[in-house]
Amino acid sequence: INKRKFLIWGKSKVKPSKKNLIKREKILLKMLAYVVDRFNKNKIIYWFDFSGLLALMRKQNLAELSDVDISINFDDVKKTRTILKCDRKMFSYHEEFISNIKKSKKMLLMSMIGNVNPERIEPPLIDFVIKKTTSKYALDIRTRTISAKEHWRSFDVVKYKGLNLNVPNYPEKYLKYL
């Protein structure tokens with residue numbers, strides 16, 4: 001590969017402007033408020049996971065992330081799909097089925113994307129991670145990784161810009177596990 005055909009940019013050169021981060025944050029907060037409100041009303045078990053959880057623990061602005069991950073229980077997938085398909089003004093709901101070659105099963109990927117002009121601002125994105133929970137562990141359907149029940153049996157609540165967000169018990173320990 002001819003290295004002269006590639007530009008290597010550091011984080012400082014690709015970071016959005018402060019003005020665009022503020023716009024993105026406002027949209028993301030509306031999306032999160034919608035999700036948290038609907039999930040709580042419908043008794044859907046959810047918790048912030050992966051990069052979203054890490055950002056919350058670091059007290060980082062969520063709009064700086066390319067996406068925010070929210071895990072849901074496998075048993076709540078049908079209700080979640082119904083809720084996310086409702087509001088098309090604020091965001092677009094996307095789902096696709098991908099094949100798991102080893103198990104020859106199709107897996108559902110769900111996400112919501114903020115309705116913005118992508119030429120002006122990077123759209124906020126929330127990915128929903130489906131976890132099958134048992135009395136002993138939670139299994140990530142995509143990665144087949146397992147986390148101990150101590151993390152998701154009940155949840156801690158983290159306040160973020162006026163929202164109360166569920167995070168796994170012992171979030172720092174959980175993040176080390178990931």
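The relative contact order of region 41-178 comes to 23 percent, based on Cα pairs under 8 Å that sit 6 or more residues apart. The aspartates and glutamates within cross-link reach of LYS19, meaning a Cα-to-Cα straight distance under 16 Å and a gap of 8 or more places when in the same chain, are GLU64, GLU119, GLU122.
A full extension of the chain between TYR177 and SER135 corresponds to an added length of 13.2 nm, given 0.36 nm per residue minus the alpha carbon distance. Between the C-alpha center of region 24-97 and that of region 123-178 there is a gap of 12 Å.
Assign one of three labels to the chain, namely rounded, prolate or oblate, based on the Cα gyration tensor with a ≥ b ≥ c the square roots of its eigenvalues; rounded applies when a/c is under 1.5, prolate when it is not and a/b is larger than b/c, and oblate otherwise. Working shown, then result.
Details: a/c = 1.43, a/b = 1.30, b/c = 1.10.
Since a/c stays below 1.5, the shape of the chain is classed as rounded.
Here the sum of -39500 (n - 2.57) over DSSP H runs of 4 or more residues, divided by the residues of the chain, equals -8500 deg cm²/dmol at 222 nm, to the nearest 500. In whole angstrom, region 32-94 maps to an equivalent ellipsoid with semi-axes of 21, 14, 10, each derived as √(5λ) from the alpha carbon gyration tensor and ordered largest first.
Using R0 = 41 Å, the C-beta based FRET efficiency linking ARG120 and LYS159 works out to 0.85. Using the Karplus relation 6.51 cos²θ - 1.76 cosθ + 1.60 with θ = phi - 60°, the per-residue 3J(HN,Hα) values for region 64-70 come to 6, 7, 6, 7, 10, 9, 10 Hz, with x marking Gly and Pro.
Can you give me the % of accessible surface on the chain that is carbon or sulfur? Probe 1.4 Å, all protein chains present, nothing else counted. Its accessible area is 55 percent carbon and sulfur atoms.
The values are calculated or read from the model by the stated rules, or taken from the named source; none is laboratory data. Since the model is a prediction, treat every value here as computed from it, not as a measurement. Cβ: placed from backbone, ideal geometry, glycine included. Neighbour counts: every protein chain shown. Areas reflect the complete protein model, heavy atoms only, side chains present, ligands, DNA and RNA absent. Shrake-Rupley method; radii C 1.70, N 1.55, O 1.52, S 1.80 Å.
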